[in-house]
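Q: A single structure is presented below for examination.
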Amino acid sequence: MKKPEKFYPKAYMSRPGMSFAVDIDDPVERIQEFMNGYKREPVAEGFEESLMTKDLAIVGATGPPHVTAVFEMEMTPKYGSRMGNAQGAAISLIHDMCTTMAMAPLAREDFWHFGGVSRVLSVTYLRPTKTGTRVVVECEVLQVGKRFATIRGTMKDKASGDLLSVCEHNKASIIFREKSKL
């Protein structure tokens, strides 16, 4: 049995939705271009594709030194349970994708040009998120280094301002190589 590769091949970076467009200076436009990659070449069906191509919108972002991103979406029934609340897994996915995209404004060719992989994604659900609710997801990069980053996310009801959930996302940068050195 062949041992799995330890490193991801550089060819992965050509896949849509993999790397940030570091040649775009405007933080909002850079995030939008990342989202557009999903629209240009869908690769799967499911929550992530729908979230990134139809449901989620970037409404604001700031670049270094204080890196933030703000998104909006309607919590449609496809993200919901039979009780009429958003599924916990759907909320986790939304926090995952939004906090990852919040890294885009600080990316450079040699620094976090790819959103990394999750080490820890901790979500605390404070109130039910009813389907039909328009939510705002605010993200802030709290810390970033060469290999690790910490991003905070909050999800609020747009109409009432009620805090619905919070997350802390710890990410790791990964190395893309032509071939494994082993």
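Q: Which is in a helix (DSSP H, G or I) and of a type in the set (A, V, I, L, M, F, W, C), of A69, A90?
A: Exactly one residue qualifies, and that residue is A90.
Q: For F71, work out the one condition from (1) among the aromatic types (F, W, Y); (2) over 19 Å from A90 (Cβ atoms); (3) at pLDDT 95 or above it doesn't fulfil.
A: (2)
Q: Let me confirm something: among V141, V120, V166, V135, which residue is farther than 23 Å from I24 by Cα, crowded, with 19+ Cβ neighbours inside 10 Å and aliphatic (A, V, I, L, M)?
A: Unique residue meeting the criteria: V135.
Q: For segment 4-38, what are the residues that are over 13 Å from the mean Cα position of the chain (by Cα), surrounded by 12 or more Cβ atoms within 10 Å (Cβ to Cβ) and modelled with pLDDT under 85?
A: Residues satisfying the conditions are F7, Y8, P9, K10, Y12, M13, P16.
Q: Is it the case that S50 is in contact with a strand residue (DSSP E or B) (Cβ under 6 Å, 6 or more places away or on another chain) and either loosely packed, with under 13 Cβ neighbours inside 10 Å or in a helix (DSSP H, G or I) (or both)?
A: no
Q: If I filter segment 149-182 down to residues being part of a loop (DSSP other than H, G, I, E, B) and modelled with pLDDT of 95 or more, which single residue comes out as nearest to F114 (Cα to Cα)?
A: Here is the first cut: in segment 149-182, the ones part of a loop (DSSP other than H, G, I, E, B) are 158-162, 173-175, 178-182.
Going one step further and asking which of them are modelled with pLDDT of 95 or more, we end up with 158-162.
Working: K158: 30, A159: 34, S160: 35, G161: 32, D162: 32 Å.
Applying the filter and picking the extreme gives K158.
Q: List, please: which pairs have Cβ atoms under 7 Å, are six or more places apart or on different chains, and start with a residue in segment 63-88 that is without any contact (Cβ under 8 Å) to a residue 12 or more places away in the chain and end with one that is part of a strand (DSSP E or B)?
A: Q87/G80
Q: Name, by its number, the condition in (1) under 21 Å from G37 (Cβ atoms); (2) touching a residue at least 24 places away in the same chain (Cβ under 8 Å) that does not hold for D110.
A: The single condition D110 does not satisfy is (2).
Yes or no, residue by residue, for (1) in contact with a helix residue (DSSP H, G or I) (Cβ under 7 Å, 6 or more places away or on another chain); (2) over 21 Å from A61 (Cα atoms); (3) among the basic types (K, R):
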residue	(1), (2), (3)
W112	yes, no, no
V120	no, yes, no
Y125	yes, yes, no
E140	no, no, no
K158	no, no, yes
C167	yes, no, no
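Q: Being under 16 Å from M155 (Cβ atoms), crowded, with 22+ Cβ neighbours inside 10 Å, touching a helix residue (DSSP H, G or I) at 6+ places or on another chain (Cβ under 7 Å) and among the aliphatic types (A, V, I, L, M) is the filter here, so list the residues in segment 61-96 that pass it.
A: If the condition is that a residue be under 16 Å from M155 (Cβ atoms), crowded, with 22+ Cβ neighbours inside 10 Å, touching a helix residue (DSSP H, G or I) at 6+ places or on another chain (Cβ under 7 Å) and among the aliphatic types (A, V, I, L, M), then A69, A86, I94 are the ones that fit.
Q: Follow-up. Out of curiosity, is G88 on the phi > 0 side of the Ramachandran plot and more than 12 Å from the chain's Cα centre (by Cα)?
A: No: the conditions fail for G88.
The values are calculated or read from the model by the stated rules, or taken from the named source; none is laboratory data. Keep in mind that what you see is a predicted model, and the values were worked out from it rather than measured. Neighbour counts run over all protein chains shown; Cβ positions are idealised from the backbone, glycine included.
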